[in-house]
Amino acid sequence: MSSAPLTPEQLSSFSPMDFLTPAYRQQLHAGLKYLQHPAGTQLLTKGERVLAQYYLLEGKVALDTGPTRQTIEGGSPQAHMPLNPGQSNPHSIKALTDVRLFAVEHQLLERLLGWSQDAAYQVSSLGGGMVEEHDEDDWLARLLNTPLFGRLPPSHLHALLARFEYLPVRAGEAVVTYGEPGEHFYVIKQGRARISLPQAYREQPTQVLERGDFFGEEALVSGAVRSASVTMLEDGELARLHRDLFVELVRPSLIPRISGTELEQLSHQGSRKYLLLDVRLAVEYRLGHLPDSFNLPVANLRTHADSLDRGTCYVVTPDGGIRSELAVHLLNQLGFDAYLLSDSTPQAA
């Protein structure tokens, strides 16, 4: 059985991926999960709610449609449609032979379809310019292609653009300063800036921000003071959003949540590897924590990121409160797949 991944061009032959713009199809392609199961495996159960939409690549499956049984074979026209079109399975599906499938997260697919069908880049900014999808250097296009803002609902984009303030800045100007309260979220619309870390982190490489990069959100997520300073390297322009508007429009998208029920589905299906992460201090963790959770304090996330598996879904326990929310944001910012467990009661280990 082949293990070769699909190309973005091959992905476009599956429905509804053919409705995606090339940029969003590429983004979806990067998030595909491939699965293999032996003959006889119960792949889906009728009425079960699942987080992903599944497509058959190779092999043969049977759909229990009541009085009759329908079969689908990989490569057939029917196989280019989802096996479970919707979050509640309409049929039970069993593998008749060894099968290979790929899975797409429902929410991700819905967001990308929303962007494509809503002509998300055909939106007027306050300056009257149109945001063009093919303009790779456009600040807003780059912003929305980040993992964090790819989660933003299309309706929020319009509100976001309408609420942005545009601020001219000069080379050498300090936009935010380490230790001060966070009042705004910033996106670089034009120019470049440098992040300066406090003395304790000076061994880390200096980070330069360019058009479409954003900063200032960590203080707004955590409620803490600024953790670094940002200084303009050249003249430019910033898009700025006040704290209250950031909390209303953006913050919910930066901290995706997963319920205990959805987590159980992941575990039973075995389709995704996940790890429960407790980001409190070690002394707090020892006093009581969820079974099977792993302790990594939020302050150590950046320095230990290289030791984390990028193929794992990280589910952060809610015990740390605002620290747990910040950890989810930081992990997603670092390119990991992370969620906040939304309904869990801590138990003693």
Subject >> Proxy reagent accessibility, fewest Cβ within 10 Å first, across K46, K189 >> reply: K46, K189
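For the pairs K60/K273; K46/K94; K94/K273, flag any whose C-alpha to C-alpha distance is greater than 20 Å.
Pairs exceeding 20 Å: K60/K273; K94/K273.
Taking R0 as 30 Å, what FRET efficiency do you get between R49 and L334 from their Cβ-Cβ distance, rounded to the nearest 0.05? If you can, show how the numbers build up before the last one.
On the way: r = 30 Å, r/R0 = 0.99.
Efficiency, from the Cβ-Cβ distance: 0.50.
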**OP:** Would you please give the FRET efficiency between L161 and E110, computed as 1/(1 + (r/R0)^6) with r the Cβ-Cβ distance and R0 = 22 Å, to the nearest 0.05?
**Re:** 0.55
Subject >> Long-range amide H partners of L277 with built H, under 5 Å >> reply: F294, V315, V316, T317
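Work through the residues other than N295 whose Cβ is under 14 Å from its Cβ and net out their charges, Lys, Arg +1 and Asp, Glu -1. Before the final figure, lay out the partial values.
Working: positive: R280, R286, R323; negative: D278, E284, D292, D319.
Surrounding charge for N295 is -1.
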Original post:
Given R₀ = 45 Å, FRET efficiency for A282-T231 by Cβ-Cβ distance, to 0.05?
Top reply: 0.80
**OP:** Could you check the simple spin-label distance between A30 and D18, using points 7 Å along Cα→Cβ, in nm with one decimal?
**Re:** 2.6 nm
**OP:** At 7 Å along the Cα-to-beta-carbon direction for both L275 and T177, put a label point, then send me their distance in nm to one decimal.
**Re:** 3.9 nm
Original post:
What's the extension gain from R192 to R257 if we count 0.36 nm per residue and subtract their Cα-Cα distance?
Top reply: 20.1 nm
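Readers should treat all values here as calculations from the given coordinates under stated rules, not as data from a laboratory. All values derive from a computational prediction rather than experimental measurement. Positions of Cβ are backbone-derived with ideal geometry, glycine not excepted, and every protein chain shown enters the neighbour counts.
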